[in-house]
Amino acid sequence: MRIYVMTDLEGVAGVRDFQQWTSPGLPYYDLARSLLTQELNAAINGLFAGGATSILVGDGHGPSAVNIVELDPRVELLRGWGRGWPLGLEEGGFDCIATVGQHAKSRTEFSNMAHTQGCSYLELSVNGVAIGEFGQFAMCASELGARAIFAAGELAFAKEAEALVPGIETVWGKRGTKPGRGDECSEEEYRARNGGAIHFHPEKVRKMIRDGAERAARRAANEKFGLIPMKPPYRRVCVLRHSKEKDQPRRYSIEEHASSFAALMNMPFNFKPVESDAQLKSLLVE
């Protein structure tokens, strides 16, 4: 069983906010990378124990986050996507995917550092379903027949993954404390909005991840789960927040593709200003 594990940083237990944790040069960035890599190693241990024969790790955080020196030497590490979506899955041969360190999509209540791509996104939806970064990757995987079997991150993300992927195994190590969607926020305000969370101790989280990943792999060997129902054609709607720093209003873009979700995700955006609150409401699905 060949598995592709995608990673991100904001969903890791102990990682608190954008301002001090998630970019090079910030006070706790190196600690955040170490915390992620240890969660990742726990998942790797569990997946191999559950029957994985090979694992490719994708470093999915913008400025990079996996510490290759600390990474389990049994796996390969992919950084840089070449042709874009589906982010290396097109090489073929993957039976399943998993994700570690993932955060919830933009507009999610009680999420720690919720966002989609960046904090400029208000909402991204495809065929009337709002999705985040995990959803984009999992749908690409489903299109190629690779099942999403395991997801680890924050509680809000775990709920998101369970709602999107039938039967997926999830583990969460922190839960956000901020109610509300934050639709009123500018890009800059939203980046600062969702810093509150209650965290489990990293050692506890690693054990939970290791056990959950093993369960997922064992289940995947015997159960048919983890594929998202996909039906073309595909229609993508992206709405951006307003930006105070760039003096930009809310904008939107709509694209369609007749047959391929991954091809749709690679299509360029053609943004236009949102003209009214009524139009904004019509563009959002949640």
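Amide H to amide H distances under 5 Å link Phe110 with Lys178, Gly180, where only residues 5 or more positions off or on other chains count and H is placed in the peptide plane. Close amide-amide hydrogen proximity is noted between Leu122 and Val239, Leu240, Arg241, each under 5 Å apart and 5 or more residues distant or on a separate chain (H modeled in the peptide plane; Pro and chain starts excluded).
Here segment 189-232 is treated with +1 on each Lys and Arg Cβ and -1 on each Asp and Glu Cβ, and its dipole about the Cα centre works out to around 80 debye. About the centre of its Cα atoms, the chain shows a dipole size close to 360 debye [charges on the beta carbon of Lys, Arg (+1) and Asp, Glu (-1) only; nearest 20 debye].
Annotation for segment 161-261: GluC sites (Glu not before Pro) lying in DSSP loop with at most 15 further Cβ atoms inside 10 Å of their Cβ are Glu184, Glu223, Glu245. Kirkwood analysis of the Cα pair distances in the chain returns a hydrodynamic radius of 19.0 Å.
Legend: translational diffusion of segment 182-286 by Stokes-Einstein, Rh = Kirkwood radius over C-alpha pairs, 37 °C, 0.692 mPa s; D = 182 µm²/s. Summarising the strand pairing of segment 3-148, around 15 percent of its internal DSSP beta bridges are antiparallel. Once backbone amide H atoms are built at 1.01 Å from N, Phe150 has Thr99, Glu169 as its partners under 5 Å, excluding neighbours fewer than 5 places away on the same chain. Only helical runs count toward this figure. For the chain, summing -39,500 (n - 2.57) over DSSP H runs of n ≥ 4 and dividing by all residues gives -9500 deg cm²/dmol at 222 nm. Panel note: the C-alpha atoms of segment 74-230, placed on their principal axes, show extents of 44, 36, 28 Å (largest first). Sparsely packed loop sites in segment 206-286 (the trypsin sites (Lys or Arg not before Pro) outside DSSP H, G, I, E and B with at most 15 other Cβ atoms within 10 Å) comprise Lys224, Lys244, Lys246. According to the Cα-based calculation, Rg over Rh for segment 234-283 is 1.05, with Rh computed by the Kirkwood formula. Cβ-to-Cβ counts within 10 Å put His257, His201 in ascending order as His201, His257, the fewest first.
Counting only Cα atoms, segment 164-215 measures 41, 29, 16 Å along its principal axes, largest extent leading.
Listed values for segment 235-241 are Karplus-derived 3J(HN,Hα) couplings in whole Hz (6.51 cos²θ - 1.76 cosθ + 1.60, θ = phi - 60°), namely 10, 9, 10, 10, 10, 9, 6, and x replaces Gly and Pro. Loop-located trypsin sites (Lys or Arg not before Pro) across segment 1-96 with a Cβ neighbour count of 15 or fewer within 10 Å are Arg74, Arg79, Arg83, with loop assigned by DSSP. Once both axes come from the Cα atoms, what is the angle between helix 155-164 and the longest principal axis of the chain, in degrees from 0 to 90, rounded to 10? With rounding to tens, the tilt is 90 degrees.
Considering only the other residues whose Cβ falls under 13 Å of the Cβ of Val171, what net charge follows from Lys and Arg at +1 and Asp and Glu at -1? Every neighbour counted, the sum reads +2. Quick one: what does P(r) look like for segment 143-188 with 10 Å bins over all Cα pairs, in whole %? Per 10 Å bin, starting at zero, the Cα-Cα P(r) for segment 143-188 comes out as 24, 38, 28, 11 percent.
Taking every DSSP beta bridge that has both ends in the chain, the antiparallel portion is near 45%.
Quick one: angle between helix 133-144 and the longest Cα principal axis of the chain, in degrees between 0 and 90, rounded to 10, please. Value to nearest ten degrees: 70. Residues Met208, Met113 in ascending order of nearby Cβ atoms (within 10 Å, fewest first): Met208, Met113.
One decimal place: the segment Asp247-Lys281 gains 10.1 nm when fully extended, by the rule 0.36 nm per residue minus the C-alpha distance.
Here segment 108-184 is treated as a Stokes sphere of Kirkwood radius computed over C-alpha pairs; at 25 °C and 0.890 mPa s its diffusion coefficient rounds to 186 µm²/s.
Each value in this text was obtained by applying a stated rule to the coordinates, not by laboratory testing. These figures come from a predicted structure and were not determined experimentally. Note that each Cβ is placed from the backbone with ideal geometry, even for glycine, and that neighbours are counted across all protein chains shown.
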